[in-house]
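To keep things clear, I will list the structure first and then write my remarks on it.
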Amino acid sequence: MAEQARYEELIRQFSAFGAVRREMGRILPSDCPSGSAAVLTLLGRHGDMRMSKLAELLAVDMSVTSRHVAHVAERGWIERSPDPADKRSRILHLTPAGRDRMDELTRRTSDMLAERLSDWTDDEVGQLTRLMARLRSSFDDCRTVHPESRPPTAPVLERSTDRSTRTPAITT
């Protein structure tokens, strides 16, 4: 029973983490919602890629990815060029303006985290980073598992229905 309580508390903490994500979303410029910020961040981190790879990294379907890509392309932050290996596909890459925007988003997010975690030691921030990376890694295999083969999970107390919202600092 003690183990069950531990996981129930973890569920409560995940739900409360929504407030952190919302606060991080509030610092984004109005012309760059979190989905667009995630596109820029992933292209900055992983380099040029096909839309299908971006959708996989965002963990959203292609229609959502297409909307985010259209938004950042309209602003000149990315370019879409034909894939030499498959002319039906497009390769996405950051423009200099996109890199500048991504750098601004990173700076804003880093500044906010530095302010909010100013009473944390460097070791505590490092430990949190390592544990969050480990947690994310524990779920990476879930993307390839079919939902019907997964064991049932406990209900989440607060769940966003819009999976397109991601924040630059916490995107894979």
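The values are calculated or read from the model by the stated rules, or taken from the named source; none is laboratory data. It should be emphasised that the depicted structure is a prediction, and the values quoted were computed from it without experimental measurement. Cβ placement follows ideal geometry from the backbone for every residue including glycine, while neighbour counts extend to all protein chains displayed. SASA here: full protein model, heavy atoms, side chains in, ligands and nucleic acids out. Shrake-Rupley method; radii C 1.70, N 1.55, O 1.52, S 1.80 Å.
Things worth noting here:
- Debye equation applied to the C-alpha atoms of segment 75-127, log10 I(q)/I(0) at 0.12, 0.25 Å⁻¹: -0.50, -0.91
- The largest accessible area among Val72, Val60 belongs to the first residue in Val60, Val72, and the rest follow in falling order (1.4 Å probe, all chains).
- Peptides ranked, highest mean first, by Cβ atoms within 10 Å: ranges 81-87, 44-50: 44-50, 81-87
- Local charge for Glu115 was computed over the other residues whose Cβ lies under 15 Å away, with Lys and Arg +1 and Asp and Glu -1, and equals +1.
- As a rough guide to protection, the peptides 18-24, 2-8 ranked by mean Cβ packing within 10 Å, highest first, stand as 18-24, 2-8.
- Amide H within-cut-off set for Asp83, under 5 Å, with H built and near neighbours excluded: Ser89, Arg90, Ile91
- Largest-first ordering by accessible area, 1.4 Å probe, given options Val69, Val64: Val64, Val69
- Sequence ranges 120-127, 36-43, ranked by mean other-Cβ count within 10 angstrom, highest first: 36-43, 120-127
- Potential extension, Asp86-Ala59 segment - 0.36 nm per residue separation minus Cα distance: 7.4 nm
- Top positive-direction residue, dipole computed over segment 1-153 with Cβ charges, set Thr95, Ala133, Ala16: Thr95
- Legend: calculated FRET efficiency, Ser30 to Asp122, from the Cβ-Cβ distance at R0 = 22 Å, rounded to 0.05, equals 0.10.
- Taken over segment 38-127, the convex hull of the Cα atoms encloses 117 Å³ per residue.
- Probe 1.4 Å - accessible area at Ser63, Å² to nearest ten: 60 Å²
- Solvent-accessible area of segment 19-70 (1.4 angstrom probe, protein heavy atoms only): carbon and sulfur portion equals 54 percent.
- These residues, Leu105, Leu28, Leu131, go from largest to smallest accessible area, 1.4 Å probe, as Leu131, Leu28, Leu105.
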